[in-house]
Amino acid sequence: MRRCVALIAFCVFVSSTGAWAACSSAEEKQIADIRSAWLSNWNTKQLDNVINLYATNATYLPADGTRVSGQNDIRAYMQKLIGSKDSVQSVTLDCSGDIVYDSGTYTAVGDDGKHVEGSYLVVLKRENGKWLVVQHASTTKP
């Protein structure tokens, strides 16, 4: 119950501050380029290139409910998953200064033909002029 109240309070705070706004066209292109690079590298099994898009202290929240922190642990976790051919559809992209969030849907088809669909949320932060993933969460449809 406390989590629910905290989440509602956070949502009210964020919506009342008006800090989130549509991204500029330059920011939209930069984030789209990162999304495309992630997908291209993932689909060609270039895991190191995928991991280079994450901040050193990034956190990945996979659909299984675990919490994976840091590039090395994210690499180890994703190594078990790489091999699917993924596609994504961004639904919402909002910016606030040096923070961007991108959320949407994804489809993954494994080497075994298994088809998975779900939603994702990626938070990026501009560090030294470069956008890096700092939080990445995904869900799966039952």
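The values are calculated or read from the model by the stated rules, or taken from the named source; none is laboratory data. Because the structure is a prediction, the values reported are computed rather than measured. Every residue, glycine among them, receives a Cβ derived from its backbone with ideal geometry; neighbour counts consider all protein chains shown. Calculation scope for accessible area: heavy atoms of the full protein, side chains included, ligands and nucleic acids excluded. Shrake-Rupley method; radii C 1.70, N 1.55, O 1.52, S 1.80 Å.
Would you please name the residue that is least open to solvent (accessible area, probe 1.4 Å), looking only at residues in segment 115-142 that are over 14 Å from Pro62 (Cα atoms) and not in a strand (DSSP E or B)?
Per the criteria, the residue is Gly129.
Looking at Asn43, is it modelled with pLDDT of 95 or more and open to solvent by 70 Å² or more (accessible area, probe 1.4 Å)? Reasoning before the result, please.
Details: modelled with pLDDT of 95 or more: yes; open to solvent by 70 Å² or more (accessible area, probe 1.4 Å): no.
No, not satisfied.
Output the residues belonging to segment 71-97 that are under 19 Å from Asn128 (Cα atoms) and surrounded by 14 or more Cβ atoms within 10 Å (Cβ to Cβ).
At the first step, the residues of segment 71-97 found to be under 19 Å from Asn128 (Cα atoms) are 71, 95-97.
If the condition is that a residue be under 19 Å from Asn128 (Cα atoms) and surrounded by 14 or more Cβ atoms within 10 Å (Cβ to Cβ), then Gln71, Cys95, Ser96 are the ones that fit.
Give Tyr60, Tyr106, Tyr101 a once-over and let me know the one that is open to solvent by less than 30 Å² (accessible area, probe 1.4 Å), under 20 Å from Ile34 (Cα atoms) and not in a loop (DSSP other than H, G, I, E, B).
Details: Tyr106 fails: open to solvent by less than 30 Å² (accessible area, probe 1.4 Å); Tyr101 fails: open to solvent by less than 30 Å² (accessible area, probe 1.4 Å).
The conditions single out Tyr60.
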